[in-house]
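Data first, discussion second: the structure below is written as structure tokens.
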Amino acid sequence: MTVTAVRTGPVRLHLSENAHGASPLALQAARDALDPASVYPDPARSAPVRAIAERLGVGEHQVAVANGSDELVLLSALALGDRDRPGVTTAGTFPGYRVCLEAVGRGCREIPLDGVQVDAEAVAAAMERAGIVYICHPHNPTGAVLDRDRMELLVERAAVTGTPLVVDEAYLEYAPAGTPRLGDYLGSGAPLLSLRTFSKAYGLAALRIGYAVGSPELVARLREVQGTMPFSANAVAQAAAVAALADRGHLDEVRRQNALQRAWFRGELERRGRQSLPSATNFVAVRVRDSASAERLLERDHGILVRDAGRFGCAGYLRVSLASAKDLVRLMDALDLIDPVG
Ligand SMILES: Cc1ncc(COP(=O)(O)O)c(C=O)c1O
């Protein structure tokens, strides 16, 4: 497997895309599903629902498939929990939770991070008066994970308060074995929903397909509101997702190569005297003096796209997707010019 960076235009290190690309079997399934293009996709999304349920060892009634996890953030904000109470999320995170909560008129309270970590105690304390809670784990843009104690505290509070706990696990496939996952607690009876995607480790971002797995009541409610957009998961994406799940070898290789690249990149940064945060994902938060100007200058003068984590409330870091060594060296060389260390 080689890194298949898009070779035209700027170097894309800004959207946490998968530099290794999708399983060839998934791409073949996608091509096959194009014909007949005149037929609507299965509104029940039965094939991916069945494949996901089998893989995760849950009931099919615990899985909802959608047009990317973005859509599930919006649908959950629309439909789950007590709408008369504001939603809660953390500061310094993926902006989608706040954007969706505000768009549906619920309001959003942000709990500051504890350094680069989710402050699970503060979030747990806020749950009583929250309508719904969103946590990103592994965390975008810092790359940190919740440890088991913190995860259990949140799950326990969800059970006691009845407030739905939504954990966005978009990057979970990249995390080391043993990392806690919300799926470990689905038997607890707490109102839980894990959001997962085929956009990252499965490399299918262009096709738009993701899923939620969780408590039957929450999933049933999500499926009800999916009735407003019955065909939002298209046939090509549904077929590709099923084939991608079946290709275990490809996923294992993506994970293995990502972990190697992550260790190499952080080592190179350190060798150059530049700090970065430990990451369980396919991106690394790289310390710079002025992240807004570094993002701008990297694009303008070097043709390199990165994400200023200050846009997510983590100023002083650039979120850099793991890519080929060539592209990452190009980035580090450019950074040394724009934002010299020391
Ligand atoms: C934390 C997080 N959640 C959700 C998404 C959106 O994923 P999808 O492509 O499945 O809509 C992203 C995309 O970058 C993300 O970083």
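Computed quantities for the displayed model
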| item | result |
| --- | --- |
| Residues residue 225 and residue 188, FRET efficiency given R0 of 41 Å [Cβ-Cβ distance, rounded to 0.05] | 0.95 |
| Mean Cβ neighbour count within 10 Å, used as a protection proxy, ranking 260-267, 319-326 highest first | 319-326, 260-267 |
| Calculated FRET efficiency for the pair residue 263/residue 84, C-beta based, R₀ 35 Å, to 0.05 | 0.15 |
| Span-rule helices in the chain, defined as complete DSSP H runs reaching 18 Å or more along the axis (Cα) with Kyte mean at least 1.0 | none |
| The chain shape via C-alpha gyration tensor axes, a/c threshold 1.5 | oblate |
| The chain, helix-only ellipticity at 222 nm - DSSP H runs n ≥ 4, -39,500 (n - 2.57), divided by all residues, nearest 500 | -12500 deg cm²/dmol |
| Order by protection proxy (mean Cβ within 10 Å, highest first), peptides 11-24, 232-245 | 232-245, 11-24 |
| Ranking by accessible area, most exposed first, for 78, 207, 331 with a 1.4 Å probe | 78, 207, 331 |
| Cα-derived Rg to Rh of region 228-327, Kirkwood definition | 1.10 |
| Unit charges at the beta carbon, dipole of region 24-246: most positive-side option, 235, 63, 94 | 235 |
| Alpha carbon convex hull of region 83-144, volume per residue in cubic angstrom | 61 Å³ |
| Extension gain from residue 39 to residue 252, taking 0.36 nm per residue of separation minus the Cα-Cα distance | 73.3 nm |
| Simple label model, 7 Å out from Cα along Cβ direction - residue 60 to residue 46, nm | 0.6 nm |
| Estimated inter-spin distance, residue 177 and residue 99, nm [label 7 Å along Cα→Cβ] | 3.7 nm |
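The values are calculated or read from the model by the stated rules, or taken from the named source; none is laboratory data. Everything numeric in this text was worked out from a predicted model, so none of it was measured. Every residue, glycine as well, gets a Cβ built from its backbone with ideal geometry; the counts of neighbours run over all protein chains shown. With ligands, DNA and RNA removed, areas are computed over all heavy atoms of the protein, side chains included. Shrake-Rupley method; radii C 1.70, N 1.55, O 1.52, S 1.80 Å.
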